[in-house]
Every structure is written in C-alpha cells, then in structure tokens.
Amino acid sequence: PFFSGMLGSTRPIRLHGKPIELEVRPRPAAAKGSDWLPARSLTLEHSLSADPATLHAGDPLTLHLHLRAAGLSGTQLPDLGSKLRLPDGVKAYPDQAKLDNSVEAGGIVGTRDQDIALIASRPGRYHPPTLRVPWSNSRAGTPRQIILPAVTLELAEARGAPPQAPPRVNPG
C-alpha cells in the first residue's frame, strides 16, 4: 500500500521563528471567586420562552442565556445555571450548554448558549434574584459586572386543579 513506506520514515523537523513577547499581568486584587473573566468585552443576553404572566404552577418556562466574550474561548465561560439563585418552590433544569469559538480581527471570541427550564411547583409570586456575572476588562484593567435583571413570576393555579377554598377564620 501507498502509506506503508511513509509510516516507517518519520523524522523530526525544527522550525524557527521570531520570538514572541507576552506581557502577563497579575490577577487584580478585586477579582474574587473562582470565575475570573479577563476579557476585552463581555455581553449577556436573555430571552424567555413564554410570558411569565400567563404561566400556571407546573408550567415550564425556559430561560435562554447567551454569553459572549471577546478574548476568551467558550470553554472558559462559566456555567450560568450554577449562578442562578432561585427562591423556594422553583426548580431549575439546565440543558447542556452549547459552546462556540470564532476568530475576529481582535482575536478569539467565545460564546456560551444555555437553556434553563424553570418550573414552580405551586402558585404564587416569585422573585428570583438578579443574576450577576463579574468580569475584568483586560484592556483597561478594571473590574466590571454584567447584571441580568430579575423577572417576577406570578403563577396561577395548575391547569385542571380544583379551586382552593379561602382560608377559614375562627371568630374569636
């Protein structure tokens, strides 16, 4: 076969090029926690699969998050589902995140797309806290923060559930 003679005849090759100088700055003192994101820019976009005002207890609501960082790869971006702090009665079911990389004029751009299904087990008003993603502007060397605003969920009784009687008050 054609390749049989080529496989046994390998030899090392040395390449030489101009030296590359890198300036490596230390991690800023203000960068706390395990997720330190030094990037040229960072954006966070979100969308919801339904209007939260039309939901009933037990209905899923999918939160889609799109994190984009200039200067980082997709694998360096944090799991946003782990940063969500949900109130009691609301459960999160994250899907596998989709990571991607592209090259633009300034270098690598990483993205992380993540869908998280949120399901409330009982009716009521829920106030999930704001999602905050701290990062560091690598050009300016300054700490920054992206804030995803909180969404109030007001859920009606589950579909098909019998209406609840008003609470009884004992005359006293």
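The values are calculated or read from the model by the stated rules, or taken from the named source; none is laboratory data. As the structure is a prediction and not an experimental result, all values here were calculated from the model. Positions of Cβ are generated from backbone atoms using ideal geometry, with glycine treated the same way; all protein chains shown enter the neighbour counts. Quick note on the areas: whole protein, heavy atoms, side chains included, nothing else; ligands and nucleic acids left out. Shrake-Rupley method; radii C 1.70, N 1.55, O 1.52, S 1.80 Å.
Scanning residues 5 or more positions from D59 or on other chains, those with amide H under 5 Å from its amide H are A120, with H placed 1.01 Å from N in the peptide plane.
Normalised per residue, the accessible area of the range 18-93 is 62 Å², obtained with a 1.4 Å probe and no contribution from ligands, DNA or RNA.
Rounded to the nearest 10 square angstrom, E23 shows an accessible area of 150 square angstrom against a 1.4 Å probe. Summary of packing: across the peptides 133-143, 91-101, the per-residue average of other C-beta atoms within 10 Å ranks them, highest first, as 133-143, 91-101. Seen through its C-alpha gyration tensor, with square-root eigenvalues sorted a ≥ b ≥ c, the range 42-132 comes out prolate because a/c lies at 1.5 or above while a/b is bigger than b/c.
Mind running the shape call on the range 35-88? Use the C-alpha gyration tensor, a ≥ b ≥ c as the square roots of the eigenvalues: rounded below 1.5 for a/c, prolate if a/b tops b/c, oblate otherwise.
Judged from the Cα gyration tensor, the range 35-88 comes out prolate (a/c at least 1.5, a/b above b/c).
For the charge dipole of the range 15-81, defined by +1 on Lys and Arg C-beta atoms and -1 on Asp and Glu C-beta atoms about the Cα centroid, which residue among W36, L65, L55 has the Cα displaced farthest towards the positive pole? Working it through, the farthest residue towards the positive pole turns out to be W36.
Figure note: T43, T111, T10 ranked by solvent-accessible area, largest first, 1.4 Å probe, ligands and nucleic acids not counted: T10, T43, T111. Accessible area of R27 (1.4 Å probe, protein heavy atoms only, ligands and nucleic acids ignored): about 100 Å².
The peptide list 61-71, 76-86, put in order of mean Cβ contacts within 10 Å with the highest first, becomes 61-71, 76-86. Compute the Cα gyration tensor for the range 1-159, then decide on rounded, prolate or oblate, letting a ≥ b ≥ c be the square roots of its eigenvalues: rounded whenever a/c is under 1.5, prolate when a/b is larger than b/c in the other cases, and oblate in all that remain. Oblate, since a/c reaches 1.5 and b/c is not below a/b. Short-range pairs are left out: with C-alpha atoms under 8 Å and at least six residues apart, the relative contact order of the range 78-166 is 25 percent. Extension gain, D100 to H56, is 12.4 nm, computed as 0.36 nm per intervening residue step minus the present C-alpha separation. Coupling constants for the range 111-122 follow from the phi torsions by the Karplus curve (6.51 cos²θ - 1.76 cosθ + 1.60, θ = phi - 60°), and in residue order they are 10, 9, 9, 9, 9, 10, 7, 10, 9, 9, 7, 9 Hz; glycine and proline get x.
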